[in-house]
Every structure is written in C-alpha cells, then in structure tokens.
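Here is the structure we will look at, set down as structure tokens.
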Amino acid sequence: MYFKCIDNILLLYYNPFVIDSASICQYEKFCSWRMFMKKLTLLFLSFVIALAILGCGGDDDTSILDVFDGNNGNESTNLVIWGEVPGTDADDIREAMAFVSDNNPYGISLEYVPVQGLGVRLAAARLAGDLPDLVLWPRPDTATYAPKGFLYELHELVERDGMNTDIFYAEALRELKHDSALYGLPVDIDPWGIWVNMGMVESHNADLTPSDPDYVTVPTTWDELYHAAVQLTRHDQSGNVTATGFNINALRGAFYSFLLTMGGEIIDENNGVVNIDDTKGTAVLEFFNDFYRHDPPLYTRGIDPIDAFAGNRLAMTFGPLYFERQVKARNASIDMQFISVPAGPIDGVQSGVIGGYGLVIPRGAKNPNNAWDIMQWWTNDQEALLAYTDIYSALPANITLWESDSIKNHPLFSSVIDEIEHYRVRPVVPGYINFEVQAVFPTIDKLELEMDNMTVAKALEEIKRIGDRTLALERE
Amino acid sequence: MNHQNVAKMKRPKSNKAGYIFIAPAVLFFLVFTAIPIVVAVYLSFTRYGVFDAPRWIGLRNYINIFTVDPVFLQSFRNVSVYVAIVVPSVVLISMVVAFMLNNRKDAKVFRSIYYLPALLSIIAASAVWRFMFDPTYGTLNQILRLLGMQSQNLPQWIYHPSTAMASIALMSLWMILGINIVIYSAAVRGIPKEVVEAAEIDGASSMNMFWRIIFPLLRPTTFFVMTMTIIGSFQLYDQIYALTSGGPAGSTTTPVFLIYMNAFDSFNMGYASAQSVILFIVIIVFTLLSQRLTRDDY
C-alpha cells in the first residue's frame, strides 16, 4: 500500500513531462512572430528593470568624518556584532562580549551573531540595508574585501582621535591595511605552528636513551622534524599506517610557513606578483617530496587531525593555538606542546604564519559612532582583552598586555611570544587565498601524486606561472 | 460558417481575467529568471563587487577568461569527464531498468526504492559517501579487500585525481537514477499496447522490438532526460563543495565551483557573470547537440 501510494504520486508527478514530452520538440509554436515579439518585449522590460535596480547602488561619496561625526545621540546602544566563530566556540565569544557589555563606560551592549559565509552575508545585508554594527573580522580577508568597499576606512578617525596604533602587534595591524588605508583594529593573534603529542613521543622514547639514533626530541630543525616523523610512524604487518608521525596531508597548506623558516618570501606585495627564491622554494618542495616518497609510506589520506591526535594516532600536526582546546574537548588528559615551524637549512629560523581577528565596521552600518567608540575601548582596555584571552585562549594583539603576569606566566603564550618576531601574516595582496587554492595546492598535490611528470623544478615554475595569472586577475 | 468564424465569435472581448491569472507566474519568471539573466549578462561587461556600483569594462572579463585565467578552461575539461560518465549512464541504465520493471508486479517497490536517494539532502548524503570513499576504513575498499584486492591496488576514490571525478559521478548516479527510472517507467507505460502487439504478431524479436519500436517511441523522453542530465551535470557543485573542494590537484574543480568562488568568495561578480554566460552558451550548445541526437527522423 505504501509503495503503491509513493509510486502513484511519482508517476502522476512525472507523467506530464513524459506524456507531453512530444510537445517539447514542437518549436513551431515558439517561433511564431507574435511569440517572438512577446519574448523580445519581456526581455527589454527585464533589461530596463535590471538597469534600474543596478542604478540604485551608486557610490557613496560621503566623507568618513561626516559619517563618524561623533554625534552618538541618535544611535542605538544595542550593537550587533557578526563573526564566523560557530558552535561552542561562539559561546566563548558571547561570554567575552558579555564582559565588554557589562564593563564599557558607554553603556553599549554587544550581541554576537555567528554567521556562515561572512562575505555573502554582508553583501546580502548590504543589499537589504540591514548591516551589523561591527564584525569580528578574519584579518586575512581584508586585502580582498576592503578594495571592494565592504569596510569603512578608519585611519582618519585614528588621526582625529589621536589613537596610538603602536600598541598593536605591527604584523596584525598591517594585515588590516590596504593601500595604506586602515580598515580595522586587531583583537588577537593566532599563530600557526606544529602541535606535538608528547605522550606519543615519551612512549616512543621509553626504552631509548638520548644518544640512541632512534631517540626523538621536540623538533627545532627540518632534519629533526623528518626524523621524528619517521620514528613516530607505526605500521601494521601489511604495511598500513596505524599511527602517523606527522600529518603530511597538511603540508601543502604550510608551503609559505616553510619558506618563512628560511626567511623566504612568497609574494612581492608591492607589485602583487609571485616572488619565491628558487633555492629556497626548491628546498621546501624537495623536503615535501622526501615525506611523500618515503618507503614505507608515512601517512594515509583523509585523516581527521583532531580525532587522530586526541586518540594518540597522530604525533605531530599543523594547527593554531585553539587546536589544543579542540583536542582536549575529546581527550582532556592529553599532553601536548606547541612549537614553531622548525628552522630550515638555509638562513634557518623557527617561524610560522599568524592569522587572527580584528574589529571592523561594515560600510553602511547604522550606528558607526557607537561602533567606533566600543572598538577603541575594547582593543585598549586591559581587563576586557585579558577576559577575551582567558575565555577564548587567544593571544591579544595589544602588545602592552604581553608584559602582564597572566600572559607572561601562560606557558603557551610566553613560548609563542619568544619567537613571534619571526612570524609573518599572509601576504597582504588581493587574491592571496585564490593564489593558494589555484596555484599552490593543486601543484603540490600533483607533486605528491606524481601527476603530469611533475618534478620539483616544474612545480616551482607552475606555482609561479599560475600564481602570477591568478594575482593578475585580481588586480584587474 | 467555418470553424475559424466560430472560434472568433466565442473568443471573449477582454483578456483581463487571463492576464490576472498568469500575472503571478509572469512576475515570478521576471523576478527569478528573466531579470537575473539580463543582470548577469550586463554584469559580465562590468567590474562589480556588490558594495560599489558596477563599472563598465567592455569585453575585459571575457578576454581575461581566455587569455589570463589559469583554471576556468581546465574546469570544463574536468566536468567533461563527469558529463561523459553520467549522461550516457543515466540514459542507458534508467531506460533498461524501466524496461525491465515494466509489467512486473513488484515494480512499485523497486521504483520507490530507486527513488529514495533523491529525497536525501546532497550534503548529508555526501557525508556518508565521504566515509564510504575513505581509502583505509571506507566501506567500498573494505568490500574490495574482502574480494581479495591487495591494499596497494585499492582505489583512492576522491583522494586521487585519476579517480576523484569518477567517484563523484558514482555518487551522483546513485542519487539521480531513481528520478529518471520513474520518468522512463511512465514513458514505457505510455507506449500503445497495440503497437507492441502488432510487432509481436509480425514476429519481431526482443532486440528488434526494443531498438525499432520501444527506443524510437521513447525518444522525446530520452531527449528530456538527456537534456536535464546535461544541464545538471554542467552545473555540478554541491557534491564538489561537500566532498573535494575542487581537489585533489584541481581535478574536481568545476565551472560552477569556480563561478561560486569568484562571485561569493572574491566578490568579482562581473567576472563570475562572464563565466556564467560562457557556461550558459556551452550548455545551450550541448542541449542542441542532444536534440539532434534524439531527433525523430521517421
């Protein structure tokens, strides 16, 4: 009875297509002159309406100082702040916002709204005239979105209010600039390095002495990293990897990080073109190749690093500081240590890439003066920032706090601060993410999979060629 | 009085009611189809990032697509693999299964079972297929191991460029076959019995019956199925987004995936519109080819 019912519904639904399908081919009707004229009129009408709609979105020539005139009288004190931090992490952000709401001197309250696809949502909100007042902004997106008019320029306000931006970590502030205009204030610093599962290291070393060639130390150089990766990988009798020493799947995303460990560059930011030193680029790709070609294999594809790390099936992986929180949510007792990406063989220095959030005001926000007041206060107020640091486990971008006891005594933050002078943000050029996705990742994939007779030299040449074209498209 | 005069006499003087009845459909068509198409064509000649007004740049976007863009043409090569697998498979398998189910008592059960995957969300189904495609723990490779395949010979499914697009096609077939089986079943049922009986009386073999009677009578349905599958195939996006994000090595990067990235990640709306217009033209060309292939020459 059940199947008969479904079947009848389906046949009834699709029968019109089938029974009348002969009429699909009867184009004569559609080709009549009258029909043609009707279609033409409809098309013309659509074109006129379309132009009218597009004409509504003209340039806003209002001066920034006219928008941010300091007159808060008519503005709401209940501000909405968007961010892309979802799930349980969003609760942490809400808790930090509640602290800001309860303690700021302006009586402003912040409501955090997590959104997926920040750019799309902002564009839709702009068209609907319902933008948030502030955005907890992923700083690497600034170079792509700022030139397209998503954000208010704030440098004139900084100048007007005599704000000292030297209190911010310079690289984080630089990431919020485009063409020397400033679009936001940095909140935190999110260094990416390598997490080491110390339990697995200690277990491996249990029966070894430091003089033993198989002994593993926390790596500080590429050679030590490779040695640890090989030693900590376990295989079953069939040769399948049962425990992974180093998450090699993430290597392609760390190409720039490894260049940084030799003081190398990837993009010439002034001209927006790829700028990889041949010797250093070759060294990185050959190092990757050593992992890819190791026999027996050092990894399997498709592992979930959080699960594997928490389950003691992964000894080392790339990750941000908050990786610790994610892992400990699944295995609270795990012993793990964060290290910078180990120093390279040429001009070696331990380094890494940093990301993080800033506060920005989307162009067209309804309460800009209150938004500016609260973001100034928050990024300067010691207690508010330390509360955020404490709740969200992030290093504050305000460097004046790095001397505070709570940061100095924090084992993770203090170790990062010791090496942070070598860390860099991603290149601040429009389309950098596209460059990685279209030029770096597929090329390194090809090298890994030995596709298209890919060699290290060819891969480097392809990254440059495709990369330059990708960046050129974004510059147009 | 001839028939034309009768028709003229019966025609109402005013068509107002008719216009009112079709107004919602026309409005819907204008707002959600006609205007967006016209806007997209217009935007394809502009540089537009949503927050600022579009700036006219003539053919620059089109020139860049063919002279600078390193991946758009590659994405057509990628999706061609998918089209080459999915379109003939859908037509052949759906037609054969529908033919086999015809006149079976349990046909309703099978049709419903085949149709069930189409009711699932693609994203949810992709999550399950991702697990099945896992090279180490996935169901597919576990089965192949049970069948005696050596570990080193097991396919890497979505994790290797040589099998990634075929794997996506496999999942898509699982999802869309049911719909097309139902469509073909309805068409097979609609074939006049007297035609089949006449052929049987004339001594036509099963093969002759299928190729000379059934297949030609199913041509309009084949045209419909083929056209819709071609359009759907060129618009491949959801599975890519959920399973591979265009990788590995860019082997599953499709035109719509790139269009989405350009439009909603980079907010190069003008450039994405130009890519959409080119995709539109390609789909039109393939649809016309499909029309020629299934044209009734009898």
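Remarks
- Legend: residue pairs A:Lys280/A:Lys446; A:Lys280/A:Lys458; A:Lys148/A:Lys177; A:Lys148/A:Lys464, Cα-Cα distance threshold 21 Å; pairs beyond threshold, A:Lys148/A:Lys464.
- Surface composition of segment B:83-139: carbon plus sulfur atoms contribute 73% of the solvent-accessible area (1.4 Å probe, protein chains only, all chains present).
- Packing-based order for A:382-395, A:352-365, using average beta carbon neighbours within 10 Å, highest first: A:352-365, A:382-395
- The mean count of C-beta atoms from other chains within 10 Å of the C-beta of residues in B:258-268, rounded to a whole number, is 5.
- Cβ-Cβ FRET estimate between A:Thr282 and A:Glu450, R0 fixed at 22 Å, reported to 0.05: 0.80
- Ordering B:64-70, B:163-169 by mean Cβ neighbour count within 10 Å, with the highest value first, yields B:163-169, B:64-70.
- Shielding by other protein chains, B:105-112, mean Cβ within 10 Å: 4
- Using a simple spin-label model with pseudo-atoms 7 Å out from Cα toward Cβ, B:Arg104 and A:Leu65 lie 8.0 nm apart.
- Segment A:395-467 and segment A:205-263 have Cα centres spaced 19 Å apart.
- Average beta-carbon neighbours from other chains, 10 Å sphere, peptide A:281-290: 0
- Segments B:201-213, A:253-265, A:277-289, A:320-332 sorted - mean Cβ within 10 Å per residue, highest first: A:253-265, A:277-289, A:320-332, B:201-213
- Calculated FRET value between B:Phe131 and A:Thr88, using beta carbons and R₀ = 25 Å, to 0.05: 0.60
- Between segment B:135-213 and segment B:84-105, the alpha-carbon center distance in angstrom: 7
- Buried surface between chains A and B: roughly 5400 Å² of accessible area, summed over both sides, computed with a 1.4 Å probe on protein heavy atoms only.
The values are calculated or read from the model by the stated rules, or taken from the named source; none is laboratory data. Bear in mind that the values here come from a model prediction, so they are computed numbers and not experimental data. Methodologically, a virtual Cβ is constructed for each residue, glycine included, from the backbone with ideal geometry; neighbour enumeration extends over all protein chains shown. Accessible surface areas use protein heavy atoms only, side chains included; no ligands, DNA or RNA. Shrake-Rupley method; radii C 1.70, N 1.55, O 1.52, S 1.80 Å.
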